[in-house]
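Q: Got a structure for you, questions after.
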Amino acid sequence: MLLFMRSLLFSLGYFVAVIVISILGVLAWPLPFKFRFQIVTLLNRFVMVWVSVCCGIRFQIKGHYDASEGPYVVISKHSSTWETMFLQYYFQPISTILKRELLRIPFFGWGLATLRPIAIDRGSPIQALKQIKREGKQRLADGTNVLIYPEGTRIPFGDKGTYARSGADIAKAAGVKIIPIAHDAGRHWPKGKFIKQPGTITVTIGSPMSTDGRKSKEIMADVEAWIEGTIAEMN
């Protein structure tokens, strides 16, 4: 009962924050991208604090990245809502590859749209791949990191989906490095579960991987092996 009440309190605060900050983000649309980004990602920072206060979920980071060497293609495991919040502000400025339907969610989608995501139509996979590569290269050329979840959807912690190689394709086409991310957020903020479990989320940031002279399939195999191997050690 206590965990339920704490999770309920978090959800109430979260939804209020989504409405308020999303409206601010829409009002800030005429401002330059970097200013809009700072305003909208106030939500992300609030969530990190609020989930710690209400649910006892904290985090620790292992490894680091040098922003001056970027931009990068960030490829992460996707098992929770938590990492979508954390990675978006930690690697800012960053453009996330996501399904177009998310932008239609009232308030949340409106704020998300101001962050210049790469919103794809999953019903047209060939066109989606072309869009990802084209817009991904544009974002990287502008100095914006690109975030992709190669499994395409949230996978319960401990399970593994199929890794798409579009992240490697973008990095190779743009001539930038890949940063792999492993974490155990799904252990504490599980997919499809209302109740959140207290504890410390570990986020491990891998060393940048070069794409020079390598095939996308080979690059992605190395990314997958590193992410899944790191998570296996956490588990």
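Read-outs throughout are calculated quantities, based only on the coordinates presented, and are distinct from any laboratory measurement. Keep in mind the model is a prediction, meaning the values are calculated, not measured. Quick reminder, even Gly has a Cβ in these numbers, built from the backbone with ideal geometry, and neighbours come from all protein chains shown.
Q: Taking springs between alpha-carbon atoms closer than 10 angstrom, which of R134, R165, R104 fluctuates most in the Gaussian network model of the chain?
A: Looking only at R134, R165, R104, the biggest GNM fluctuation is shown by R104.
Q: Considering the chain as a Gaussian network with a 10 Å cut-off on Cα pairs, which listed residue, G136, G158, G123, attains the greatest mean-square fluctuation?
A: G123
Q: So, one more: Using the Kyte-Doolittle scale, find the helices of the chain whose mean hydropathy is at least -1.0 and whose Cα atoms extend 20 Å or more along the helix's long axis, counting only whole DSSP H runs.
A: Qualifying helices, which must be both long enough and hydrophobic enough, are 2-27, 125-141, 216-234.
Q: Let me ask something additional. Gain in length, F15 to L103, computed as 0.36 nm per residue apart minus the alpha-carbon separation, to one decimal in nm?
A: Result for the pair: 30.1 nm of gain on full extension.
Q: Given the C-alpha centroids of region 17-48 and region 75-94, what is the distance between them in whole angstrom?
A: 16
Q: Follow-up. For Q131 and Q197, FRET efficiency with R0 = 45 Å and r from the beta-carbon atoms, rounded to 0.05?
A: With R0 = 45 Å, the Cβ-Cβ based efficiency is 0.75.
Q: Filter the cross-link list K137/K196; K99/K133; K193/K217 down to pairs whose alpha-carbon distance in this structure exceeds 25 Å.
A: Violating the 25 Å Cα-Cα cut-off are K137/K196; K193/K217.
Q: Here is a follow-up. Using a Gaussian network for the chain with springs between C-alpha atoms less than 10 Å apart, which of these wobbles most: L12, L87, L24?
A: Evaluated over the chain, the most mobile residue of the options is L12.
Q: Can I ask one more? Can you give me the Cα centroid spacing of region 152-197 and region 201-235 in angstrom?
A: Computed from Cα coordinates, the inter-centre distance equals 11 Å.
Q: Now a separate question. Starting from the amide H of K196, placed 1.01 Å from N in the peptide plane, find each other amide H under 5 Å away whose residue is 5 or more places distant or on another chain.
A: Hits under the 5 Å cutoff: S7.
Q: Continuing with this model, one more query. HN-Hα J couplings of region 106-120 from phi, Karplus 6.51/-1.76/1.60, θ = phi - 60°, integer Hz, Gly and Pro as x?
A: Running phi through 6.51 cos²θ - 1.76 cosθ + 1.60 with θ = phi - 60° gives x, 6, 4, x, 5, x, 4, 5, 6, 8, 6, x, 9, 8, 10 Hz.
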